[in-house]
Structures are given as structure tokens and as C-alpha cells.
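Below: the structure, in C-alpha cells.
The values are calculated or read from the model by the stated rules, or taken from the named source; none is laboratory data. Note that the coordinates shown come from a computational prediction; the quantities given were computed from them, not determined experimentally. Quick reminder, even Gly has a Cβ in these numbers, built from the backbone with ideal geometry, and neighbours come from all protein chains shown. Keep in mind that these areas ignore ligands, DNA and RNA; they rest on the heavy atoms of the full protein, side chains included. Shrake-Rupley method; radii C 1.70, N 1.55, O 1.52, S 1.80 Å.
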Amino acid sequence: MREINGRTRVCGLMGYPVEHTLSPLIHNTLAQELGVDMAYVPFSVEPGRLKEAVEGARALNLAGLNVTVPHKREVISCLEQIDPLAQKVGAVNTLVRCGDGFKGYNTDLTGLQRAMKEDGIELAGERVILLGAGGAARAVAFLCAYAGVSEVWMLNRTLKKAQAVAAEVNQAFGRECIHGLALSDHEKIPKGSYLAVQGTSVGLFPHVEDVVTGDAGFYQKIHTGYDLIYRPSATKFMQLVRAHGGKAYNGLKMLAYQGIQAFELWNGVAVERAQAASVMKKLKEETGAHE
Ligand code: NAP
């Protein structure tokens, strides 16, 4: 156990609720692994009190913060500066000190990209099926456009939401690469071989037998399935992708890398693969994942 003293840098998480967050595990593991004198604390910030909380963080000289639900959009109005990609997406999950204030970044996106790269997935030129149009899937749609995929078929139960996100992303990047479609119309996706990102909450523990579709024709189009869910470690969606010959990954590495990149930004260090592997090991132990 490291000793906290007068020189310890304090970072933390602002969200509501924060009771079940895995972020302290990630950051305290990294601090230990890299020998950085930093402590990480979750702060429960009620809706409507975010501005006060950011001002308090400045006054307390906190070294950096993560921001989670429901504050990722609203926090932008509390920043001195913002990274261009985070600005485009309109969501910030990491605050880094800049002068007397904070600069905002979105390591959910860059972390997912790094996690995918490590699993051998390159988004540039890829054909993508994206399931969902909520907060997480919206972020993935931005990442896909940013990383230069050739096309994205965004499938959602509520068609209007998929169409709205598609229009927003296409406008932000000036090209028609995202196509909104109702989940029930998945057979309209052209024949081909796709990377599928599962960004809905269907299949999340304890509803582990649920899946957006069980249709074999759908899974035959998928060479790799990436589920953003990490509880359970192998979702029904992942099992079906594998049963049809594809590779499948869960969202634990995405979670790890959004934290790792925040840690790098706060402390000016580079986290190596072996150190990232220690974080993954701890996360697997904590979530009971055996993949
Ligand atoms: P959200 O904003 O509430 O969106 C939920 C999405 O799931 C919507 O597209 C919704 O469709 C769809 N959905 C819900 N129930 C459905 C059902 N019965 N049938 C079909 N579609 C259904 O949630 P979120 O924040 O985007 O999170 C989505 C998932 O991503 C969660 O499971 C979360 O654990 C995971 N996630 C993982 C990470 C990570 O680091 N690995 C980070 C963020 C999120 P409608 O629009 O039709 O309601």
C-alpha cells in the first residue's frame, strides 16, 4: 500500500452514481505499476451541481478528473480548452489541468481505438455494422467516421434515433458514411464481410441470454464482433459471432484503455503493454471474467 502524503497528486471521477465504478482499480493499479505518486477518488456529483464541482476541483488543485454519466456533455461549458475530437463529438470524459482550469478530452473514443488496434482491428477502410444509437454507440459512430471507415450501418430499435445520429455524424465529417436502419431491417445490409460493434445494453448481466438478433444470416456477414459490454465476459452476441466462424471481443479492454489514456495525459507518462496487461488482469479478477 502506497502512503499518501503532502506531495500526492489527487485525481478523481465525477459522476452520478459512482458507487460501482471500476476506475479507482485502474488508476490505483497504474500508479503502483509505474511508481507514480497519485491517488484516485470517485466523487458523487448530483445533477445540477457540476459547475460547482469543477470550480471546487480547480480550487483544490486536483491534477485531473474523469467525467461520467450524466455529466459528459454539460462539462464542456466548464472548460478552458477542448481537444478537437472531443469538441466534434460533444462529449468529454477526461479533464486535464491547463493553467488555472481544465482541458477536456474524450478517451472513450481514443481508448476504444487503441483497444481495437491491440486486438488487430484497423478501422480505416472497414465496413461496419453498429448496433445501437445510445450514448456509447453514438461515440462509436463518431470514432468510425474520424478513423476513416468506408461505411457504417447503424441499426437501432428506435429508427429515428439511428437516423438522427447518422445525420449528426455525417454533417460533422462532411461525408455520408453512416446509414441509419431499424434493427428489424438488418437484412437490408448489403452482402459482405463486416466488423460488428455491439453498442446496445442488450445481453448485459443479469440478462445474459438476451441478444439483439439470433438470425444466422446476420452473423454470417460478421468477420469480427466487438461487444462494448464486459459483464458477462462472453455475451450471447459474442457466442453467436464465434459460432458462425467470426472472432469476438468484449468491452473490458475499451474500459481499461480509456483509463490508461487519461492516466497518461495526467502524468505525462507512456503506459506499456505489460503494465496495461496488469490492469486487464485486475479488471478480469474484479469482474469475474475468465476469457
Ligand atoms: P443507452 O444510451 O441507454 O443506449 C441503450 C441502447 O440500447 C439504445 O440504442 C437502445 O435502443 C438499445 N436497447 C436497449 N434495450 C433494447 C432492447 N430490448 N432491444 C433492442 N435495443 C435495445 O446506453 P449506453 O450508455 O449507450 O450503453 C450501452 C452499452 O454499452 C451498455 O451495456 C454499457 O455497459 C456499454 N458501455 C461499455 C463501455 C466500456 O467501456 N466498455 C462504455 C460505455 C458503455 P433504443 O434507442 O431503441 O432505446
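Overview of results
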quantity	calculated
Residue check for Ile129: open to solvent by 10 Å² or more (accessible area, probe 1.4 Å), under 30 Å from His20 (Cβ atoms) and among the aliphatic types (A, V, I, L, M)	no
Filtered residues of segment 186-195 (kept if away from the ligand (no atom under 13 Å from the Cβ) and of a type outside the set (Phe, Trp, Tyr))	Glu187, Lys188, Ile189, Pro190, Lys191, Gly192, Ser193, Leu195
Lone unmet requirement of (1) under 16 Å from the mean Cα position of the chain (by Cα); (2) more than 10 Å from the ligand (Cβ to nearest atom); (3) not small (Gly, Ala, Ser) for Gln198	(2)
Options Glu74, Glu176; residue that is in contact (Cβ under 8 Å) with a residue 24 or more places away in the chain and of a type in the set (D, E, K, R)	Glu74
Segment 45-60 - residue that is touching a residue at least 12 places away in the same chain (Cβ under 8 Å) and assigned to a loop (DSSP other than H, G, I, E, B) and, of those, most open to solvent (accessible area, probe 1.4 Å)	Leu60
Every residue from segment 80-96 that is within 15 Å of Leu265 (Cβ to Cβ) and in contact (Cβ under 8 Å) with a residue 60 or more places away in the chain	Leu85, Asn93, Thr94, Val96
Given (1) open to solvent by 80 Å² or more (accessible area, probe 1.4 Å); (2) assigned to a loop (DSSP other than H, G, I, E, B); (3) under 26 Å from Thr287 (Cβ atoms), number of the condition Glu33 does not satisfy	(2)
Residues (open to solvent by 90 Å² or more (accessible area, probe 1.4 Å), hydrophobic (A, V, I, L, M, F, W, C) and at pLDDT 95 or above) located in segment 3-28	none
From Lys117, Lys88, residue being closer than 23 Å to Gly246 by Cβ and either of a type in the set (Lys, Arg) or within 16 Å of the ligand (Cβ to nearest atom) (or both)	Lys117
Count - residues of segment 133-159 that are open to solvent by 10 Å² or more (accessible area, probe 1.4 Å), more than 19 Å from Leu252 (Cα to Cα) and touching an Asp or Glu at 6+ places or on another chain (Cβ under 7 Å)	1
Exclusive hit being of a type in the set (Ser, Thr, Tyr) and under 21 Å from the mean Cα position of the chain (by Cα), set Ser233, Ser193, Ser184	Ser233
Test result for Asp210, of a type in the set (D, E, K, R), in the same structural domain as Asn156 (by TED's automatic domain parsing) and over 23 Å from the mean Cα position of the chain (by Cα)	no
Strands (runs of 3 or more DSSP E) (entirely within segment 190-291) containing at least 3 residues that are touching a residue at least 24 places away in the same chain (Cβ under 8 Å), closer than 23 Å to Leu123 by Cα and among the aliphatic types (A, V, I, L, M)	194-198
Candidate set: segment 93-109, residues that are part of a loop (DSSP other than H, G, I, E, B) and closer than 20 Å to Ala59 by Cβ; chosen: the one most open to solvent (accessible area, probe 1.4 Å)	Asp100
Single match in Ala167, Ala145, Ala139, Ala162 (criterion: in contact (Cβ under 8 Å) with a residue 40 or more places away in the chain, of a type in the set (Gly, Ala, Ser) and in a helix (DSSP H, G or I))	Ala139
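The rows are residues; the columns are (1) modelled with pLDDT of 95 or more; (2) β-branched (Val, Ile, Thr); (3) open to solvent by 30 Å² or more (accessible area, probe 1.4 Å).
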position	(1), (2), (3)
Val211	yes, yes, yes
Asp215	yes, no, yes
Tyr219	yes, no, no
Phe237	yes, no, no
Leu252	yes, no, no
Gln258	yes, no, no
Val269	yes, yes, yes
Ala276	yes, no, no
Lys282	yes, no, yes
